[in-house]
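**Student:** Here it is, the structure in full.
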Amino acid sequence: MYTVGRKNYTAVAINTASKAGEWIKSRCGKHSKLKTKLSSHDLVTEVDKGCETMIRNLLQTYFPDHSFLGEEGVEVGPEASVRAVDSIQDAEYVWIVDPIDGTTNFVHGFPFYSVSIALAHHGEVILGVVYDPVHDEMFVAEKGKGAYLRGRKIGVSKESELSNSLIGTGFPVQENALTTNLKGIQVLSSKVRNIRTTGSAALHLAYVAAGRMSGFWELELNAWDIAAGALLIKESGGTVTDTKGNPYNLCVRNVMASNGLIHNSLQEELAGAHATGF
Ligand code: 2AM
Ligand code: CA
Ligand code: CA
Ligand code: CA
């Protein structure tokens with residue numbers, strides 16, 4: 001358990017994710033107010049907002065001095081997201097929260113979404129929790145202490161060949177990024193065993209950490225989609241970078257994560273797809 005002084009950050013994060021997850025599961029398919037953000041592909045419900053408020057209130061009860069960055073508290077659009085992440089880079093402690101990662105699935109009653117809660121210390125993620133309430137899977141990582149699922153240590157896959165690798169990605173909402181990613185999918189699909197896209201980036205990262213997939217990449221994500229999952233990847237023995245291979249930090253939007261063994265191959269194939277007009 002990650003403890004500083006007498007404060008047990010990990011226990012609070014797990015309890016908070018658990019409560020939030022139970023609540024969103026009970027509301028799945030029953031939301032009332034559906035709104036769109038940037039386009040009809042980008043949805044938000046009152047449950048996203050209510051869940052974020054619940055998480056924020058719980059965390060602030062325990063840690064009133066900590067900063068908070070949650071998806072629903074940030075103006076819509078990439079520029080505002082980048083500004084919001086910039087503004088918390090230097091905070092001593094900041095909780096980075098996605099109340100529902102996979103809102104489209106949640107809205108459609110497709111049982112695959114998660115709560116993502118990370119704690120960063122001076123810009124470095126030190127705690128990450130991704131909770132899938134449908135399957136009751138709580139993925140937990142603490143800096144330097146490994147990654148766990150239901151109390152058991154998890155590790156990345158040992159696959160070293162792209163051709164034997166199951167890989168995850170997503171369909172970005174922004175048109176340019178979508179066009180780019182479709183080229184990446186086209187190039188990769190003949191090189192890997194198969195590609196999955198589940199609609200929750202945080203769960204994709206958790207699945208790579210648990211060895212259920214060997215790699216994942218996605219474009220134009222935000223810090224709240226990636227932060228907890230990035231620590232899960234590191235602590236399970238994997239590698240997390242941007243799609244150019246630069247080390248992960250909170251500003252990374254084009255993310256690439258893997259078991260480490262296929263990282264270079266994955267990056268080279270994606271770079272090749274870029275070169276052909278990505
Ligand atoms: P969300 O469900 O929290 O919105 C699916 O490919 C991933 O893309 C999910 O993590 C999803 O998060 C995210 N996503 C959905 N709409 C997005 C948008 N407009 N910009 C960036 N990411 C988005
Ligand atoms: Ca969203
Ligand atoms: Ca998200
Ligand atoms: Ca969300």
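The values are calculated or read from the model by the stated rules, or taken from the named source; none is laboratory data. Quantities reported herein were computed from a predicted structural model and do not represent experimental measurements. As a convention, Cβ positions derive from the backbone with ideal geometry for all residues, glycine included, and neighbour counts pool all protein chains shown. Please note that ligands, DNA and RNA were not included when accessible areas were found on the heavy atoms of the full protein model with its side chains. Shrake-Rupley method; radii C 1.70, N 1.55, O 1.52, S 1.80 Å.
**Student:** What helices (runs of 4 or more DSSP H), lying completely within region 8-124, carry at least 3 residues that are on the phi < 0 side of the Ramachandran plot and either open to solvent by 80 Å² or more (accessible area, probe 1.4 Å) or in contact with a Cys (Cβ under 8 Å, 6 or more places away or on another chain) (or both)?
**Tutor:** Per the criteria, 9-27, 46-62, 78-88.
**Student:** Say whether the condition of being near ligand 1 (Cβ under 9 Å from one of its atoms), part of a loop (DSSP other than H, G, I, E, B) and over 15 Å from the mean Cα position of the chain (by Cα) is met by at least one residue in region 197-213.
**Tutor:** We begin by selecting, within region 197-213, every residue near ligand 1 (Cβ under 9 Å from one of its atoms); these are 197-204.
Subset that is part of a loop (DSSP other than H, G, I, E, B): 197-200.
With the extra rule that they be over 15 Å from the mean Cα position of the chain (by Cα), the set shrinks to none.
Within region 197-213 (the criterion being near ligand 1 (Cβ under 9 Å from one of its atoms), part of a loop (DSSP other than H, G, I, E, B) and over 15 Å from the mean Cα position of the chain (by Cα)), the answer is no, since none of the residues qualifies.
**Student:** Take region 32-51 and flag every residue that is in contact (Cβ under 8 Å) with a residue 60 or more places away in the chain and within 12 Å of ligand 1 (Cβ to nearest atom).
**Tutor:** Within region 32-51, the subset in contact (Cβ under 8 Å) with a residue 60 or more places away in the chain is 34, 38-39, 41-43, 45, 51.
Listed by number, the residues that qualify are LEU38, SER39, HIS41, ASP42, LEU43, THR45, CYS51.
**Student:** Within region 230-255, how many residues turn out to be closer than 19 Å to LEU162 by Cβ and buried (at least 24 other Cβ atoms within 10 Å of the Cβ)?
**Tutor:** Qualifying residue count for the region: 4.
**Student:** All but one of (1) within 13 Å of ligand 3 (Cβ to nearest atom); (2) out of contact with any helix residue (DSSP H, G or I) (no Cβ under 7 Å at 6 or more places or on another chain); (3) open to solvent by 30 Å² or more (accessible area, probe 1.4 Å) hold for ALA227, so report the exception by its number.
**Tutor:** Unmet condition: (3).
**Student:** Scan region 125-148 for residues that are of a type outside the set (Gly, Ala, Ser), assigned to a loop (DSSP other than H, G, I, E, B) and open to solvent by 10 Å² or more (accessible area, probe 1.4 Å) and report the count.
**Tutor:** Step one: list which residues in region 125-148 are of a type outside the set (Gly, Ala, Ser), which gives 125-127, 129-140, 142-143, 145, 148.
Filter again for assigned to a loop (DSSP other than H, G, I, E, B), leaving 133-136, 143, 145.
From what is left, the residues that are open to solvent by 10 Å² or more (accessible area, probe 1.4 Å) are 134-136, 143, 145.
Matching residues across region 125-148 total 5.
**Student:** For the list (1) more than 15 Å from ligand 2 (Cβ to nearest atom); (2) surrounded by fewer than 19 Cβ atoms within 10 Å (Cβ to Cβ); (3) touching a residue at least 60 places away in the same chain (Cβ under 8 Å), I need the number of the one condition that ASN176 fails.
**Tutor:** Condition not satisfied by ASN176: (3).
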